[in-house]
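No lab work stands behind these numbers, since they all come straight from the coordinates. Just so we're clear, the structure is a prediction, and the values are computed from it rather than from any experiment. Note that each Cβ is placed from the backbone with ideal geometry, even for glycine, and that neighbours are counted across all protein chains shown.
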Amino acid sequence: MAVAARLRSAGARLVVGPAAMAVGRGGGGEGRWMGTATAEAAAGIARWEPMGAREYYDYRRAIYGDITHKAILVDAAGTLLAPTEPMAQVYRTIGEKYGVNYSEDEILMRYRRAYAQPWGRSRLRYVDDGRPFWQHIVSSSTGCSDLQYFEELYQYYTTAKAWQLCDPDAKYVFEALRKAGVKTAVVSNFDTRLRPLLQALNCDHWFDAVAVSAEVAAEKPNPTIFLKACEFLGVKPEEAVHIGDDRRNDLWGARDAGCDAWLWGSDVYSFKENQAHIIKSGLLCRSQKGSELRCKESFVRWVT
């Protein structure tokens, strides 16, 4: 774990001050819309220093050598999935018939405040279906404790209507990666609605495994959830790369586990880029009979 921590710090050289450490929260399953790399860059809060990234990969090579990526782990909300409508808009629209009269700006402000507070009921926010936590968030955000209102909201975010893919090419990329022999998994701070949601969006079959915090009893940035994902896939942590939009939870958490990690919206902007970084000419493919053949594609490292 000490090695992983040094790996993380070697690549985590940020330009600017303490404000870069603040992570806002907002809508959707994982509630991290204010903490994305894109938002940080737009606000001038934080950015990668290129030399720091180079040093990180040099240091990684010194420890693991030229290890290729045999698996790709991907964050759910904010990377793979995004809400179809702003959270505050949904809370207000559904809540109007239950007496919610806060503006969308007020709901968003109250949501961020509630989400930023420590959750005292357990060490995990998302336990089983996450209802106690989300009841607290909804009532704090809207001032409405009506259980029927909460259930309508809760069920809405379980449907395909509430979510969309961040990248329309995701299907083709994950299918190509799996065909090339790369193992895939979702790693997400989410409650037990995630699996049925992936099924509703018809993308559950893109992945060999799903590591949900509510099921493995560990939330990012705890390295345990990444180690569990690697265990599910049958790969070593250093053989996996994780992609997510939250610097602390995804980038640092994955690196603490010994995985490689790329920041969505900063290091990569689409899954096609991920595919290009992982697969290039010369990959070992298998024929339908199971014999290994040398193809025109091969695994490559993120920094060559």
Query raised in the report: Residues of segment 138-159 being farther than 10 Å from Tyr91 by Cα and free of Cβ contacts under 8 Å to residues at least 40 places away in the same chain, which ones?
Result: Ser139, Ser140, Ser145, Leu147, Glu151, Tyr154, Gln155
Report summary line: Those residues of segment 107-130 which are surrounded by fewer than 14 Cβ atoms within 10 Å (Cβ to Cβ) and assigned to a helix (DSSP H, G or I) amount to Arg113, Ala116
Report task. Could you tell me whether segment 164-183 includes any residue that is within 21 Å of His242 (Cα to Cα), of a type in the set (Val, Ile, Thr) and either in contact (Cβ under 8 Å) with a residue 40 or more places away in the chain or part of a loop (DSSP other than H, G, I, E, B) (or both)? Result -> yes
Query raised in the report: Out of segment 77-103, which residues are surrounded by fewer than 19 Cβ atoms within 10 Å (Cβ to Cβ) and either farther than 19 Å from Trp264 by Cβ or free of Cβ contacts under 8 Å to residues at least 60 places away in the same chain (or both)?
Result: Glu85, Pro86, Gln89, Thr93, Ile94, Glu96, Lys97, Tyr98, Gly99, Asn101, Tyr102, Ser103
**Report entry** Test for Val182: is it under 30 Å from His69 (Cα atoms) and among the hydrophobic types (A, V, I, L, M, F, W, C)
**Finding:** yes
